[in-house]
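Below you'll find the structure, written out as structure tokens, and then a few comments.
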Amino acid sequence: MFIQKYNYSASRNLYLAFRMDSYLLRTNEPSNEQNLGRRGIKMILLIGGVLGFISVAFGAYAEHGLREAISEEHFRFLMTAVRYNQVHAVVTVAIGLCITSGIRPLQSSLLHWSGKLFILGTALFSFSIYLSVVLNSPKLVNVTPFGGVIIMLAWILLAIYGYKSLTQNHDR
């Protein structure tokens, strides 16, 4: 009889614990606003992947389709744009992976803004060069420096995040 009572109490406690966990999970579900915020965070990772794809695709197109049709100077411009696009796509993906990891110290607004600025800066820098060469519209390269400045701001935010995380870990 003791064993039956003990089993009953243990199973009842397990049942109550399960019910409490499911209740807590239900009450801690993110709201629609939080879901939209998380979706925006995941967009950094998605767009980083797309930027990486575009850099490889456009690099191949420039090398195999445009090289003979454009001047050596324009080809150098394109290769610079492809290189910047590739490097910053990798950085953007890394930031996206850090943010989506759910690790508390990586949930920094500095990282979020750095990722967003890398996306914007890369798009302005590289795509203005891509379009200026493909469309033969030299005025589009006037946008390129804005992209470069935005990329520099993204690097500065990333460095500030690194410095803050270094000093916070040092103080503990």
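The values are calculated or read from the model by the stated rules, or taken from the named source; none is laboratory data. The shown structure was predicted, so the numbers you read here are calculated from the model rather than taken from an experiment. Don't worry about glycine lacking a Cβ; one is built from the backbone with ideal geometry, like all the others, and counts go over all protein chains shown. With ligands, DNA and RNA removed, areas are computed over all heavy atoms of the protein, side chains included. Shrake-Rupley method; radii C 1.70, N 1.55, O 1.52, S 1.80 Å.
Yes or no: Leu124 part of a helix (DSSP H, G or I), at pLDDT 95 or above, farther than 19 Å from Leu51 by Cα and under 19 Å from the mean Cα position of the chain (by Cα)? Spelling it out, it is not the case that Leu124 is part of a helix (DSSP H, G or I), at pLDDT 95 or above, farther than 19 Å from Leu51 by Cα and under 19 Å from the mean Cα position of the chain (by Cα).
Looking at Ala123, Ala154 in this structure, which one is open to solvent by less than 60 Å² (accessible area, probe 1.4 Å), touching a residue at least 12 places away in the same chain (Cβ under 8 Å), of a type in the set (Gly, Ala, Ser) and within 16 Å of Phe58 (Cβ to Cβ)?
From the options Ala123, Ala154, the qualifying one is Ala123.
Scanning segment 87-112 for residues that are farther than 11 Å from Leu46 by Cα, modelled with pLDDT of 95 or more and not aliphatic (A, V, I, L, M) yields one hit, His88. Scanning segment 127-140 for residues that are in contact with a Leu (Cβ under 9 Å, 6 or more places away or on another chain) and farther than 18 Å from Gly65 by Cα yields Ser128, Ser137, Leu140. When the test is whether a residue is more than 30 Å from Gln168 (Cβ to Cβ) and either in a loop (DSSP other than H, G, I, E, B) or touching a Gly at 6+ places or on another chain (Cβ under 8 Å) (or both), Phe77 does not pass it. None of Leu140, Leu97 is under 18 Å from the mean Cα position of the chain (by Cα) and either crowded, with 18+ Cβ neighbours inside 10 Å or in a helix (DSSP H, G or I) (or both) except Leu97.
Restricting the search to segment 62-74, which residues are surrounded by 13 or more Cβ atoms within 10 Å (Cβ to Cβ) and outside any loop (DSSP other than H, G, I, E, B)?
Ala62, Glu63, Leu66, His74
Inspection of segment 112-120 identifies no residue that is open to solvent by 30 Å² or more (accessible area, probe 1.4 Å), farther than 15 Å from Tyr161 by Cα, among the charged types (D, E, K, R) and in a helix (DSSP H, G or I).
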